[in-house]
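*Asks:* Mind having a look at this structure? Questions to follow.
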Amino acid sequence: MSTIDTHTLALVSVLGGLLMAASLGGVWIAGTRERAVTWWTFAGASLALGFLIGVLASGVPDPAWWHAALANAFVGAAHAAVFVGVRHHLGVRPWTLPAFAIVVLLFVAMASSVELQTSLRSRVLVQSVGYAMMDLWGGAMLWSRRAPGLTAYRRVVALVLLGHGAFFLARWLWVLVHLDYENSMGDDPFQMAVFPVGMVFAYALSVALVLMLYRGQELALRDAALRDALTGLPNRLALSEQVDREIARARRYGQPLSVVAFDVDHFKAINDAHGHPGGDDVLRAIANIVRTTIRDCDMAFRIGGEEFLVLLPCTRGEEARATAERLRSAVEARATDLGSARVVATISLGVTELQAGEAWAETVRRVDAALYEAKHAGRNRAVARLPRAPG
């Protein structure tokens, strides 16, 4: 009965690997063409194949050494593929060759070593430490890498990998201290648990990876909806979401909040002279200047055409005026290379500070009026409309 149960669990483990391959393959077909997805799809297929070879070998009265070598090579390749996929997902060097070199070395060692061909204990010691190393390392990387909106999902995947790696580490320690392992295999809890643990691992990892990937897609789509495609700056929709939070924070803590609005002078003339691609290059260049000029806590938005707006938290109006002047000078000092010509653009800016109790629409009206005044005063200048100091 125990043999039948073991075979049943092994076959279910095969199905678990196939489910992982099908799930991740479906994610890839659905449009998530992240490199990691292909590796995780391969991992599921390799895991299923490794378990299948193990099942077929267990039905042979005296299986040849290469049955075990081949089965473990595919299972090892699955662990390596999961590890490589994790590194691709995190955007770090994937280390594909080192990861799979471990698998190849294991297979070569079993092919050339009589000890590994004939001793279950030796094979388990070698295999378990390799599997544990890749799972624990991959899980630790996922756990430690934070990403807004994605950290919890990564940590669910990390828990699956860390749990699986801990199982193989515990198995390695168990076999290390049991010198008579060959004779106690039937009573070995870890040997009997390999298939059910593999089954749970494949199912849990499939679900966790799919959830993480779809959450990543959701965040990417949301970011795309809130970001200007040309300049990479947040757009007007992002401004409408962010400004309420900034106003609430400023009022809660009694902090100032200033606004700088600007647009590009004579932008239509730039488009007429250099075409829309040239105008786009100028807008991208100005967006990059803004990024490098403002503070990390400041937020710049492209709100339309050649129009931009910058939120300056914890900033008084006079400080905002100085920031606006730095922006104006930085844009004027840096020409945009359009290949056949170099364009020196200028900007006009309006500056104001949020007043106590006023609606955002009133702040926008005032900063627009300041910008309008700057343009009619000759452009390439900053004009501030600030609340009067008390007294």
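Since every read-out is calculated from the coordinates, none of them should be taken as a lab result. Because the structure is a prediction, the values reported are computed rather than measured. Positions of Cβ are backbone-derived with ideal geometry, glycine not excepted, and every protein chain shown enters the neighbour counts.
*Asks:* How high is the relative contact order of the chain, given as a whole-number percent (alpha carbon pairs under 8 Å, six or more residues apart)?
*Replies:* 12
*Asks:* Still on this structure, please answer the following. Report, for the range 281-387, the % of DSSP beta bridges that are antiparallel, rounded to 5.
*Replies:* Looking only at bridges with both residues in the range 281-387, the antiparallel portion is about 65 percent.
*Asks:* Something else now. Can you give the convex hull volume per residue for the Cα atoms of the range 217-322, as a whole number of Å³?
*Replies:* Details: hull volume 11.5 nm³, N = 106.
Enclosed volume per residue, from the Cα hull, is 108 Å³.
*Asks:* Going by C-beta contacts inside 10 Å, put Arg146, Arg249 in order with the fewest on the left. Numbers along the way, then the final one.
*Replies:* On the way: Arg146 9, Arg249 13.
Final ranking by Cβ density, sparse to dense: Arg146, Arg249.
*Asks:* Describe numerically, in nm with one decimal, the distance between label points set 7 Å from Cα along Cα→Cβ at Ala330 and at Glu307.
*Replies:* Reported label-point gap for Ala330 and Glu307 is 2.3 nm.
*Asks:* Hey, another quick one. If you add up the charges near Asp368, with Lys and Arg at +1 and Asp and Glu at -1, over every other residue whose beta carbon is less than 15 angstrom from its beta carbon, what do you get?
*Replies:* Its environment carries a net charge of -2.
*Asks:* Per residue of the range 228-236, what does 6.51 cos²θ - 1.76 cosθ + 1.60 with θ = phi - 60° give for ³J(HN,Hα)? Whole Hz please, x for Gly and Pro, Karplus curve as stated.
*Replies:* Along the range 228-236, the couplings run 5, 5, 6, 9, x, 7, x, 9, 4 Hz.
*Asks:* Just the Cα atoms of the range 236-385: what Rg and Dmax do they give in Å?
*Replies:* Using the Cα atoms of the range 236-385, the pair Rg, Dmax is 15.4, 52 Å.
*Asks:* Mind jotting down the distance between the C-alpha centroids of the range 290-307 and the range 204-230, whole Å?
*Replies:* Rounded to whole Å, the Cα centres lie 25 Å apart.
*Asks:* What list of ³J(HN,Hα) values in whole Hz, one per residue of the range 364-371 in order, does the Karplus curve 6.51 cos²θ - 1.76 cosθ + 1.60 (θ = phi - 60°) give from phi, with Gly and Pro shown as x?
*Replies:* Along the range 364-371, the couplings run 5, 4, 5, 5, 5, 5, 5, 5 Hz.
*Asks:* Now a separate question. Please rank Tyr153, Tyr131, fewest neighbouring Cβ atoms within 10 Å first, as an exposure proxy.
*Replies:* Taking fewest neighbouring Cβ atoms as first place, the list is Tyr153, Tyr131.
*Asks:* Regarding the chain, what's the average projected area of the Cα-atom convex hull, expressed in nm²?
*Replies:* On the way: hull surface 108.6 nm².
Reported value for the Cα convex hull: 27.2 nm².
*Asks:* Moving to a separate point now. Any idea what the dipole of the chain comes to, in debye rounded to 20, about its Cα centre with Lys/Arg Cβ at +1 and Asp/Glu Cβ at -1?
*Replies:* The dipole magnitude comes to about 1060 debye.
*Asks:* While we're here: Counting just the Cα atoms, what span does the range 2-225 cover along each of its three principal axes? Round to the nearest Å and put the largest first.
*Replies:* Sorted largest first, the three principal extents are 62, 29, 28 Å.
*Asks:* Right, something else. First measure r as the distance between the Cβ atoms of Ala369 and Ile29, then evaluate 1/(1 + (r/R0)^6) with R0 = 45 Å and state the FRET efficiency to the nearest 0.05.
*Replies:* Efficiency computed from Cβ-Cβ geometry: 0.25.
*Asks:* Okay, moving on. Mind sorting Asp244, Asp135 by how few other Cβ atoms lie within 10 Å of their own Cβ, fewest first?
*Replies:* Lowest count first: Asp244, Asp135.
*Asks:* On a 0 to 90 degree scale, rounded to 10, what angle separates helix 189-225 from the longest Cα axis of the chain?
*Replies:* The helix 189-225 is inclined about 20 degrees to the chain.
*Asks:* Sort 118-129, 44-55 for me by packing, meaning the mean count of neighbouring Cβ atoms within 10 Å per residue, highest on top.
*Replies:* 44-55, 118-129
*Asks:* Let me ask something else. What angle, in degrees between 0 and 90 and rounded to the nearest 10, separates the Cα long axis of helix 317-333 from the longest principal axis of the Cα atoms of the chain?
*Replies:* With both axes taken from Cα atoms, the answer is about 80 degrees.
*Asks:* Continuing with this model, one more query. Given points 7 Å out from each Cα along the Cα-Cβ axis, report the Arg284 to Ala166 separation in nanometres with one decimal.
*Replies:* 4.9
*Asks:* Can you compute the charge dipole magnitude of the range 2-225 about its Cα centre, using +1 on each Lys and Arg Cβ and -1 on each Asp and Glu Cβ, nothing else charged? Give it in debye, rounded to the nearest 20.
*Replies:* The calculated dipole for the range 2-225 is roughly 1040 debye.
*Asks:* List the relative contact order of the range 138-259 as a percent without decimals, with contacts defined as Cα pairs under 8 Å and 6+ residues apart.
*Replies:* Relative contact order of the range 138-259: 21 percent.
*Asks:* Using alpha carbon centroids, what distance separates the range 314-343 and the range 257-277, in Å?
*Replies:* The range 314-343 and the range 257-277 have Cα centres separated by 12 Å.
*Asks:* For Val264, which sequence-distant residues (separation of 5 or more, or a different chain) have an amide H within less than 5 Å of its own amide H, given hydrogens modelled in the peptide plane?
*Replies:* none
*Asks:* Can you list residues from other chains, or at least 5 along the same chain, whose modelled amide H is less than 5 Å from the amide H of Ala345?
*Replies:* Under 5 Å from the amide H of Ala345: Thr336.
*Asks:* For Leu11 and Arg316, calculate 0.36 nm times their separation in residues minus their Cα-Cα distance, and state this gained length in nm to one decimal.
*Replies:* 102.9 nm
*Asks:* Could you give the nm distance between label points at His276 and Ser112, where each point is 7 Å from its Cα heading toward the beta carbon?
*Replies:* Label-label distance for His276 and Ser112, simple model: 6.4 nm.
*Asks:* Sticking with this one: Ignoring everything except DSSP H segments at least 4 long, calculate the 222 nm mean residue ellipticity for the chain; use -39,500 (n - 2.57) per segment, divide by total residues, nearest 500.
*Replies:* My calculation for the chain gives -24000 deg cm²/dmol from helical runs alone.
*Asks:* Any chance you could run the full-extension gain for Leu179 through Ala361? It's 0.36 nm times the residue separation minus the Cα-Cα distance, nm to one decimal.
*Replies:* 57.7 nm
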